[in-house]
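Where a number appears in this text, it was derived from the coordinates with a stated rule and is not lab data. Just so we're clear, the structure is a prediction, and the values are computed from it rather than from any experiment. Cβ atoms come from the backbone with ideal geometry, glycine included; neighbour counts cover every protein chain shown.
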Amino acid sequence: MNILSYNSRGLGSGVKWSAIRKLTLANNIDILCIQETKKESVDVKLCQYLWSDNNVSWECVPSSNAAGGLLCIWNNGSFLVDRRVLGRGFIMLESTWIKENKRVFIINVYAPCELQGKREQWAELLQLKSSYQEGLWCVLGDFNSIRHREERLSSSQTVGTSSSISEFNSWISDMALEEVRSVGRKFTWCRPNGSAMSKLDRFLLSDEWLSQWPDSTQFVLERDFSDHCPILLKSRTIDWGPKPFKIMDWWLKDKGFQNLVKLEWGNYHPPGWGFLF
């Protein structure tokens, strides 16, 4: 499963549409999650263009006074959504990943800048997740928060209070989520003049998700028209082939080991025809 998260800083121009469409095609995206659409409404024409396919489903949270806005796009042929929850700066999709018949929950987040607004959003998301007992969880987007002081570089003295960092990490722990390894750029947001950079965008996954797809990795892609970098999550099941036969050295020293092998070997009768030369 490939999921793309992108704070587009608006979807008003054809240039942005083309850039997102190109990303979707190049990375074989299964679910597209956009933050800061800055659009009060989204139509089928836009979604079909971004997805480069007429067979498309979507859900959105409208912007308020040309600020904010969220959009999720997917194909019900592979990602079957049966419930949608719209909340304070988030979209939750309760769905089935058809390829492996897994129950998954995807939450696209655009967090407020002020701490009190984040606290309210965190509380709402925690309550929502606590109401479910089973499933694989992926919470993604622009959290407008850093987890460590090293995740922000600024020419000013303001890096981030210890309280806000601690509260964000505590919320992640309460949600029973963890951030997967990241490849690519260290920072996901950059001020246009380069005076400040932060890691604000990320993927947070549940243990159940990582048990199913332990190779899950987030890739910070190159920045384009937005001041945020697009983030790509790749989650796939790896087939390592047949499990190898293992034997302990001390088994060979056991007097009954060889007799046990002879007995079991003699009792094994494979199906089909065979020849003994």
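Which residue, chosen from T96, L32, C60, occupies the Cα position most advanced towards the positive end of the dipole of the stretch 18-140, where the dipole is computed from +1 (Lys, Arg) and -1 (Asp, Glu) charges on Cβ about the Cα centre?
L32
Select from L136, Y49, C190 the residue farthest towards the positive end of the dipole of the stretch 2-234; place +1 on Cβ of Lys and Arg, -1 on Cβ of Asp and Glu, and compute about the Cα centre.
C190
Which value, to two decimals, describes the C-alpha radius of gyration of the stretch 85-203 once divided by 2.2 N^0.38 Å?
Relative to the 2.2 N^0.38 Å estimate, the stretch 85-203 comes out at 1.14.
Could you compute Rg(Cα) / (2.2 N^0.38 Å) for the stretch 67-131, with N its residue count?
The reported ratio for this selection is 1.24.
Relative to the present Cα-Cα distance, how much length would full extension add between S164 and C113 at 0.36 nm per residue of separation?
Full-extension gain reported as 17.2 nm.
Please give me the summed charge of the neighbours of E151: other residues whose Cβ is under 14 Å from its Cβ, Lys and Arg +1, Asp and Glu -1.
+3
Restricting the count to DSSP beta bridges whose residues both fall in the chain, what percent are antiparallel, rounded to a multiple of 5?
Antiparallel bridges make up about 75 percent of those DSSP assigns within the chain.
Could you state, as a whole-number percent, how many of the C-alpha pairs of the stretch 160-204 are farther apart than 17 Å?
Beyond 17 Å sits 47 percent of the P(r) for the stretch 160-204.
Would you calculate, for the chain, the mean residue ellipticity at 222 nm contributed by helices, counting each DSSP H stretch of 4 or more residues as -39,500 (n - 2.57) and dividing by all residues, to the nearest 500?
Here the helix-only value at 222 nm equals -7500 deg cm²/dmol.
Treating the angle as unsigned and between 0 and 90°, give the value, to the nearest 10°, between the Cα long axis of helix 257-267 and the longest Cα principal axis of the chain.
90
Round to a whole angstrom and tell me the spacing of the C-alpha centers of the stretch 86-141 and the stretch 11-83.
With the stretch 86-141 and the stretch 11-83 each reduced to a Cα centre, they are spaced 18 Å.
Under the definition of Cα pairs under 8 Å and six or more residues apart, what whole-number percent is the relative contact order of the chain?
Relative contact order comes out at 15 percent.
What does the C-alpha gyration tensor say about the overall shape of the chain? Classify as rounded when a/c is under 1.5, otherwise prolate if a/b is larger than b/c, or oblate.
Prolate is the answer for the chain, as a/c is 1.5 or above and a/b outweighs b/c.
Order of 180-189, 226-235 by packing, highest average Cβ count within 10 Å first?
In decreasing order of mean packing, 180-189, 226-235 become 226-235, 180-189.
Where in the stretch 1-27 does the amide nitrogen come within less than 17 Å of the point 7 Å from the Cα of K45, taken along Cα to Cβ?
Only 11-18 pass the distance filter.
Once the dipole of the chain is set up with Lys and Arg at +1 and Asp and Glu at -1 on Cβ about the Cα centre, which of N169, S18, S211 lies farthest towards its positive end?
S18
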